[in-house]
Structures are given as C-alpha cells and as structure tokens.
Amino acid sequence: MDGVMGQSAMGPAADARDRDVGAEIVETMIGSVGKHPATATAGDWFQAVALFLRARMAKRWLGTKRMMHRRDVKTVYYLSMEFLIGRSLKTHLLNLGLESTVRGALADLGVDLEEICEQEYDAALGNGGLGRLAACLMDSLTTLGYPACGYGIRYDHGMFAQGIDKGWQVERPEEWLRHGNPWEFARPHARYRIGFGGRVEHHGGAARWVPEREVEATAYDLQVSGFDQDMVNTLRLWSARAANDLDIGHFNTGDHAGAVRDRTDSEMLSRVLYPDDSTEQGRELRLRQEYFFVAASVQDILGRYLETCTGFDLLPRKAAIQLNDTHPALGVAELVRLLVDVHWLPWERACALAREVFAYTNHTLLPEALETWPVGLLGRVLPRHLEIIYRINGDFLDDVARHHPGDTGLLRRVSLVDEDGDRRIRMAHLAFVGSHKVNGVSQLHTDIMRASTFGDFEHLFPGRITCKTNGVSNRRWLSISNPGLGRLLTERIGTDWHVGLAGLSDLAPAAEDAGFRRRFAAVKRMNKERLGAYMQREMGIAVDPDFLFDIQVKRIHEYKRQLLNLLHVVHRYHRIKDGHTQGMVPRAVIFGGKAASSYHRAKLIIKLINDVAATVNADPAAAPWLKVAFIPNYGVSLAETIIPAADLSEQVSTAGAEASGTGNMKFALNGALTIGTWDGANIEIGEAVGEDNVFFFGLKADEVEARRRGDYEPRALYEADPSLARVLDAIASGTFSPEDRDAHRAVADALLDGGDYYMLLADFRAYLDAQAAADAAYRNQDDWWRRSVLNVSGMGRFSSDRTIREYASEIWRVAPYGLTRDASPVAAAG
C-alpha cells in the first residue's frame, strides 16, 4: 500500500504517478476551485486536494451503495448527537494510500502538504468523548468492511470556540463552515418534514398527529473511508430549514423581519450543539433538536428499507440501530409512531419490531446526564410521542406487575415516568425498554449499571445488559497523530498493527532493548518539542522538553477532578517556595478542555487554573521546577499535538463516575504512563499493561459510595492535614487572585462545607503519594522508557476495531463485506 506512514515508493513509476496526481489536482484547482495555481492560496490548495480526494472516493462510495442495495445487506445505523471527526484530509490520505503520492505531487508544484493540512478547520460536530468515540467507531466499521451509516446534525457553529480572557473562559461561534465544506455532498432530494406541537386526533382506534408547525430536515453526506478498504460508508448530517422559506404576505406589507421569522426559528435547530439548557427556552430547543435529528433519521432508515422490501417482517434482519447515549432515545417512540400511525401495523407488532432493531449504549451514570423531560414540555412539543411513551410504559408496568404482584416500589423505580415531584419522562428507561441490548462501555461501568443504576432492569431482563469496552482508532491516534512512533512500530513489528492493533504485544521484548528505548525516547522528545513550539507560538509560554509533561485534557467537570490536579500543583508550588525540592523532577502541568456554557463551577475551575498558572509562571523561584498552562480551545487537532507529547496522563476521576474514558487509551497508546483512580477503563488498562506500570491511587467505587452513605467530614481531613489546609487556605485567601481576594473562596468552601461530593479531599493524600512515585520513576529515565514501551505494547485490546467486532457479533448480528477494486461485493471471512 503506497504511502502508509509516509514511506515513499521511489523510482520512475512513482515520479510518473506523482505527475499524474499533480495534474489532476491542478485541473481540480482550475475547474472546481476557480483559481489559477500561480495565484492560489494555501486555503485554495486545501480545497483542491480535498475535492480531488472526494472524487477519488466517490467511485468506491457509489460502489458500496450499489453493493448494499443489490445484496440487500443488513446495515448498521449509528445515531449520535456528536461526531467529533476533526480534520479529514490526512485521514483520507492515509486510508487511500495516497499520502506520499500527494505529498510528492504537491512538492513538485512548490506546495507543502503540511501547510495546506493546517488550513482545514476541525468539523464542529461534537465536544467530548461521546463524539470522538462515534467517529472512531465509524472509522472502524468501514475499515472492517461493515455496511454502516452514521446519523447526526450538521451544526452551523458547533458548541463554541473557547477563548481565555483574564483567565475566564469566553465563548464564540465555531466558524468551521465559513469557507464551505469541500467534503460534503448536499442531498436536496433527501428531505423530510418534521412536526412539532399541535394536536392528536383519534378516530376508531387510529391516531393522527396534526402538528402546529413543521421544519424541513435536509441531508448532507460525508464519505467515511476505511484503511486499505474499498468500502466507503456514509455519515449523513441533517440541516434544519424552514418549511416555508419566505412569507411573501408579510414581506409585501413591509414586515421584512416577520417574513423570515419562520426561517430563523427553524434554522435554530441546527445552529449549535447543546444549546444552553439553563433556561426554559434552552431546554425546549434541546428537546426539539433531539427530536428533529431522530425523526429525520428514522424516516430515512425506513425509506431505505422500503426500497427493497415490502412489509416490515424483515426489518430486524436489514437494520440495526444503535442509540449513542440517551439523546436519540426518542427514536424508539418515533419508530413506533411511524409503524402504527403511518404504516398501520398492530401496536404489539410495532413495539416488538422496534425492540429488535434498537440497541442502546449508556455512557454515564451521573444523574444529571441521564436525561429526563418534564411531562408538560414533552406533551406540548410532541403530544403524540407522549401518548406512545405512556402506552409503552403501561404495557411494560402491566407485565412487571403480573410477574411481581404487589411490588409497588419496583413499579415506581422502573417506570418510564418519574412521579416524584414534577412528573418527568426518563429517557434512559425508554431506551432500555425499547432495546434488545443495552451496553456499558467498561467492565466497571457495566457492573455498576447491573448493580445499581439499572439493577431492577437487570433482574427483570437478565442478559440484556452487556459490556463493550470503548476503543480508539489507532489510525487517527497513532498513524496520523504520532507518525514517528508509527514508523518505529512498523520497523520493529511490521504493519499489522494498523488494523485492530494486531501484533502490538510483539513489541514487549523491545522494552528490554536499550537501543530501541533510546529511539523511543527520541520520538517522545520530538513530540514534546512540537507541543512546546505550539505553546510558545500561540500562548507565549516556553516549556523545557526536559521537564516531565504532566497532562490533563478533557471536558471540564467536577467529577473529572481537574481541581484535584490543581491542588497538587499548589502543594508542589509550596514545596518549591519552602526549598523542599528533594525528590522532585521538573514538571510542566498542562490542562485543556471546555466547560459547558451554563456550568459556572467548571468555569470557575478554569479561572483558578489560569490564576495559579499566572502566579507560578511569574515566580523566578518556580522556573527551574514548575510550569503551569491551560491550552485554550481543546479539540481533535490540538489533541493530535498534545497527546503524543505526554509523559504522564492524568486520569483522576472519582471512582465510579467515569463510564470508560478514551483519552486514557490514547495517552497510553502513545507511551504516556497513567496516574489514575480505580475508575472506568483505567482498571482494564492496568490489567493490560501491568498495574506496576500505572500509578493507581485513591478510593474505589464501593468505598466512595460507603463514604457518601456514612459520616464523611471533609473539614476533619483539612484539620488533620497541614499541607491540605495550606493549599485550601491559599486558594480561599486570594494568594492566586490578589485583585479579588475572594474570587476563589467558593471553591474551597464547596470542598470543606459543601460535602466534597467527588471526594477530592478524601483522595488528596493518596494522590500526593502517587505523584511522588511518578517523580521517583521519572528520575530513572531508562526504566521510565521501559515502562512506557510496555504501556504501548499492552494496548492492543483498546482498538475500536475490537469494539466494533464485539458490537457486530454480539449485538447487531451483522457480517462484514469487502469490495474488490471494481466494486463487486465479496463476503469477507470471519
């Protein structure tokens, strides 16, 4: 395969191929971009190369569609509010085997591939691990040859672009579509009317929903290429448009704003990801957004099915629909509505079919993330769906009551309607009852689901809950983000690791090879220098690559405990000021991540990080020992620079709070050692790489729950630990905010007097001990690199390829297909 890991095929044939590709790119520049190469900017060259690659993929893409239609294969439909795909140019170059060819062709034209790659905006289609997992799984579905289509929303402005002003997070729109998106195909024929509000009419046992207003969902398709795979799958994104673009009556009477009001209101549905839900209007917009997305997707899925089938008996054999968390859970009610109200299926049959095609992935156990909707709001926005949910619930509770007579407590706990206080619809319960399989995303997460969150459901439906530990795409997170390490792996163990990380365990003996360790360390240093150059250029912060790079980048949330990390930073700073640096190694502690726009406490944590960084970095006494930085606007492309540079990966969430994590996997795959709690996939990483190669600390999940049920007193820990008291006093008294002495008092008060729900103070001392162990380990550089190599060698099971194979065989019951070069279908083995 040409160009894998940037290795060039040399000789006259390669030169001729480069010239041919160069000529095609120039032709695309002139014919599609409308610019002459002599006057083209780097942005123009990006557009030309992207359009060239899009055309190259189109034949394979259309061949895939023909195969799927002709063979009438079962297809996976992946419904997710987020697809955090990042940039696409290098992904397609790698997957198509064209990187070295295109690089050479551009070089002959006097153009640098790396420069034009930097012109691409990250696609603003997600925020965190949920969306990045969806992107990795789509990559793996295609690479392994499974017919699939992802469904999401084409957000005009993403969630937000993050800036920092005087230490505070500021939000501005993500303008990723400012110059258009060369990867997408507009599909104006693929459009659906989506209704809201109105009334439900009942006649002779049949229901007819008469919406008050309608919005139009229009499709935009992106190609999903696979590594060394002629199959190309589809990511279909929905954009909201007004059903009536212009009210000419209002316009002609001079009410020009009123003439486009419907358009403005309609397009709001696909403007931003996760609108602020701290207001009633924001909550309603989010509900409408979720329904808009699933209604268009489910209609599209049924339309595809009916192209080749009559009746619906074959639907479970042709479609597997995966709900990525609770956001698409309304899809269950929507499918039942379409089957009953539109296609006239009997109620019981419609519900049975829905259950056979849907499966649900739970990604969190946090109460605030298990979505619920007020009955009043749902009834006003989606009156027919509320009726359907009530009937599903009634049938379900009747069945539970027959098997468990008199157990009213059980009925209350499992009901789809939470009757405590304001009545609310439990979307996780709807997704569970409406699916044939429900999976957790790590073994600990799944165990907690079975024992507590969904404990009653586990008793009612034994075997429905299963574990599918998350994985990451090694193409993105090794081949593309860390090509130096990728080349080193290929030299040592061959190329099989590109798919499924096959053979990665063969790297283990290299940990004992001093020469290999030196080369491994050289790659790490190169990556640290790259990150350091970025920080110097963009932030004006100089970081010595000889420092230990201690990195925590992820969504800012109290349970992820960036604040615990910061407490250690302040403690470390105190030691430096006291002259107690024995045992320390110089460190750069680097943070990154966005806080939800309405999450004030998380924003305050960002402010505190930046205030501590400003104090530490301005202190000459700290300079030889400590540097602190918060890198703004963390996203996929930044992660590709940050993660390969990490020496130490901070995975310090409260035990039992993190469902899995995928950042932990990306860091370990790139050779970082983990300092972490017994939480999520950290435990499985420890099992895979050896617990001696992870700095574990802190309470376990059952111990956290025991503390919460008991008489946990965080202030008693403060009074018993002078180091902890000094840290909290410094924060509360304004040491790091001299312009406003009380700026951070609320942070300390919440820990001491607010219950310390996430157990920062309970884990503080154990965390310091783990950090001391990391210092000691880093001082022995040769052994550190040995352990780092062992981390990489043990990560084979954390490929998203393994995750997809498990979903495919155990949940979806789908088979992979391959395509020959002329796009004829060939069933793949296994």
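The values are calculated or read from the model by the stated rules, or taken from the named source; none is laboratory data. If you're wondering where the values come from, they're calculated on a predicted model, not measured in any experiment. Cβ: placed from backbone, ideal geometry, glycine included. Neighbour counts: every protein chain shown. Note: areas computed on protein heavy atoms with side chains; ligands, DNA, RNA excluded. Shrake-Rupley method; radii C 1.70, N 1.55, O 1.52, S 1.80 Å.
Could you check, for segment 364-381, whether at least one of its residues is over 22 Å from Ala134 (Cα atoms) and of a type in the set (D, E, K, R)? Yes.
Return a yes/no flag: does segment 279-289 have any residue that is modelled with pLDDT under 95, assigned to a loop (DSSP other than H, G, I, E, B), surrounded by fewer than 23 Cβ atoms within 10 Å (Cβ to Cβ) and of a type in the set (Ser, Thr, Tyr). Checked segment 279-289: at least one residue is modelled with pLDDT under 95, assigned to a loop (DSSP other than H, G, I, E, B), surrounded by fewer than 23 Cβ atoms within 10 Å (Cβ to Cβ) and of a type in the set (Ser, Thr, Tyr). On the given criteria, is Arg492 under 26 Å from Asp122 (Cα atoms) and more than 27 Å from the chain's Cα centre (by Cα)? The answer is no for Arg492.
Arg132 passes every criterion in (1) at positive phi; (2) among the charged types (D, E, K, R); (3) surrounded by 17 or more Cβ atoms within 10 Å (Cβ to Cβ) apart from (1). Pairing each residue of segment 390-406 that is on the phi > 0 side of the Ramachandran plot and aliphatic (A, V, I, L, M) with any residue that is open to solvent by 60 Å² or more (accessible area, probe 1.4 Å) and in a helix (DSSP H, G or I), provided the two are 6+ apart or on different chains, yields no C-beta distance under 7 Å. Within segment 731-753, residues that are among the polar types (S, T, N, Q) reach partners that are part of a helix (DSSP H, G or I) with beta carbons closer than 6 Å, at six or more positions or on different chains, in the pairs Ser737/Asp611. Scanning segment 23-54 for residues that are in a helix (DSSP H, G or I) and either open to solvent by 70 Å² or more (accessible area, probe 1.4 Å) or at pLDDT below 95 (or both) yields a count of 4. Being touching a residue at least 40 places away in the same chain (Cβ under 8 Å) and in a helix (DSSP H, G or I) is a description that does not apply to Val272.
Considering only residues that are in contact (Cβ under 8 Å) with a residue 60 or more places away in the chain and farther than 15 Å from Ala743 by Cα, look in segment 597-613 and name the one that is nearest to the chain's Cα centre (by Cα). This residue is Ser597. Filtered by the rule that a residue be part of a loop (DSSP other than H, G, I, E, B), at negative phi and surrounded by fewer than 20 Cβ atoms within 10 Å (Cβ to Cβ), segment 479-504 gives Thr495, Val499, Ala502. Considering Leu397, Leu410, Leu377, the condition of being out of contact with any Asp or Glu (no Cβ under 8 Å at 6 or more places or on another chain) and of a type in the set (A, V, I, L, M) is satisfied by Leu397 alone.
Is it fair to say His571 is within 18 Å of Asp769 (Cα to Cα), open to solvent by 20 Å² or more (accessible area, probe 1.4 Å) and either part of a helix (DSSP H, G or I) or of a type in the set (Gly, Ala, Ser) (or both)? Answer is yes for this residue.
Taking the listed residues Thr101, Thr91, the one that is of a type in the set (S, T, N, Q), touching a helix residue (DSSP H, G or I) at 6+ places or on another chain (Cβ under 8 Å) and open to solvent by less than 10 Å² (accessible area, probe 1.4 Å) is Thr101, with no other qualifying.
Among the residues of segment 191-212 satisfying the criterion of being at pLDDT below 95 and open to solvent by 30 Å² or more (accessible area, probe 1.4 Å), which is nearest to Leu330 (Cα to Cα)?
We begin by selecting, within segment 191-212, every residue at pLDDT below 95; these are 203-206.
After this cut, where a residue has to be open to solvent by 30 Å² or more (accessible area, probe 1.4 Å) as well, the list is 203-205.
On the way: His203: 25, Gly204: 26, Gly205: 23 Å.
Filtering segment 191-212 for residues that are at pLDDT below 95 and open to solvent by 30 Å² or more (accessible area, probe 1.4 Å), the one nearest to Leu330 (Cα to Cα) comes out as Gly205.
Going residue by residue through segment 547-568, is there one that turns out to be surrounded by fewer than 17 Cβ atoms within 10 Å (Cβ to Cβ) and over 26 Å from Pro367 (Cα atoms)? No, segment 547-568 has no match at all.
Considering only segment 168-186, state which residues are under 22 Å from His600 (Cα atoms) and either of a type in the set (Lys, Arg) or crowded, with 20+ Cβ neighbours inside 10 Å (or both). I'd like the intermediate steps shown before the answer.
We begin by selecting, within segment 168-186, every residue under 22 Å from His600 (Cα atoms); these are 168-174.
Answer for segment 168-186, where residues must be under 22 Å from His600 (Cα atoms) and either of a type in the set (Lys, Arg) or crowded, with 20+ Cβ neighbours inside 10 Å (or both): Gln169, Arg172, Glu174.
Just to be sure before I move on: is Lys528 closer than 30 Å to Glu705 by Cα and crowded, with 20+ Cβ neighbours inside 10 Å in the structure I sent? First the steps, then the outcome.
Working: closer than 30 Å to Glu705 by Cα: no; crowded, with 20+ Cβ neighbours inside 10 Å: yes.
So Lys528 does not fit the description; no.
Scanning segment 584-612 for residues that are in contact with a helix residue (DSSP H, G or I) (Cβ under 8 Å, 6 or more places away or on another chain) and part of a helix (DSSP H, G or I) turns up Arg601, Ala602, Leu604, Ile605, Leu608, Ile609, Val612.
Residues that are open to solvent by less than 40 Å² (accessible area, probe 1.4 Å), modelled with pLDDT of 95 or more and over 29 Å from the mean Cα position of the chain (by Cα): does segment 780-803 have at least one? Yes, that holds for at least one residue.
Among the residues of segment 395-413, is there at least one that is in contact with a Lys or Arg (Cβ under 9 Å, 6 or more places away or on another chain) and part of a helix (DSSP H, G or I)? No, segment 395-413 has no match at all.
Of the listed requirements (1) in a loop (DSSP other than H, G, I, E, B); (2) open to solvent by less than 10 Å² (accessible area, probe 1.4 Å); (3) small (Gly, Ala, Ser), Ala743 misses just one: (2).
What number of residues in segment 580-598 are within 27 Å of Gly129 (Cα to Cα) and at pLDDT 95 or above? Full working, then the answer.
Of all residues in segment 580-598, those within 27 Å of Gly129 (Cα to Cα) come to 587-598.
Next cut, at pLDDT 95 or above only: 587-595.
Number satisfying all stated conditions: 9.
Test each condition in (1) open to solvent by 10 Å² or more (accessible area, probe 1.4 Å); (2) part of a loop (DSSP other than H, G, I, E, B); (3) in contact with a helix residue (DSSP H, G or I) (Cβ under 7 Å, 6 or more places away or on another chain) for Thr654 and report the one that comes out false. Of everything listed in (1) open to solvent by 10 Å² or more (accessible area, probe 1.4 Å); (2) part of a loop (DSSP other than H, G, I, E, B); (3) in contact with a helix residue (DSSP H, G or I) (Cβ under 7 Å, 6 or more places away or on another chain), Thr654 misses just condition (1).
What number of residues in segment 421-431 are crowded, with 19+ Cβ neighbours inside 10 Å and either more than 22 Å from the chain's Cα centre (by Cα) or not in a helix (DSSP H, G or I) (or both)?
Start the filter on segment 421-431 by keeping residues that are crowded, with 19+ Cβ neighbours inside 10 Å, which leaves 424-431.
Still in the running and either more than 22 Å from the chain's Cα centre (by Cα) or not in a helix (DSSP H, G or I) (or both): 424-426, 429-430.
Of the residues in segment 421-431, 5 are crowded, with 19+ Cβ neighbours inside 10 Å and either more than 22 Å from the chain's Cα centre (by Cα) or not in a helix (DSSP H, G or I) (or both).
Apart from one condition, Phe516 fits all of (1) modelled with pLDDT of 95 or more; (2) open to solvent by 30 Å² or more (accessible area, probe 1.4 Å); (3) more than 30 Å from Pro722 (Cβ to Cβ); the exception is (2).
Kindly indicate whether any position in segment 617-635 is under 27 Å from Leu444 (Cβ atoms), assigned to a helix (DSSP H, G or I) and touching a residue at least 40 places away in the same chain (Cβ under 8 Å). Taking every residue of segment 617-635 in turn, none turns out to be under 27 Å from Leu444 (Cβ atoms), assigned to a helix (DSSP H, G or I) and touching a residue at least 40 places away in the same chain (Cβ under 8 Å).
Residues in segment 144-167: is at least one open to solvent by 10 Å² or more (accessible area, probe 1.4 Å), touching a Gly at 6+ places or on another chain (Cβ under 9 Å), in a strand (DSSP E or B) and of a type in the set (S, T, N, Q)? Among the residues of segment 144-167, not one is open to solvent by 10 Å² or more (accessible area, probe 1.4 Å), touching a Gly at 6+ places or on another chain (Cβ under 9 Å), in a strand (DSSP E or B) and of a type in the set (S, T, N, Q), which makes the answer no.
Scanning segment 680-709 for residues that are farther than 15 Å from Gly661 by Cβ and in a helix (DSSP H, G or I) turns up Glu691, Asp692, Asn693, Asp702, Glu703, Val704, Glu705, Ala706, Arg707, Arg708, Arg709.
Only residues that are in contact (Cβ under 8 Å) with a residue 60 or more places away in the chain, crowded, with 19+ Cβ neighbours inside 10 Å and assigned to a strand (DSSP E or B): list them for segment 435-478, please. Across segment 435-478, the qualifying residues are Lys437, Val438, Asn439, Gly440, Val472.
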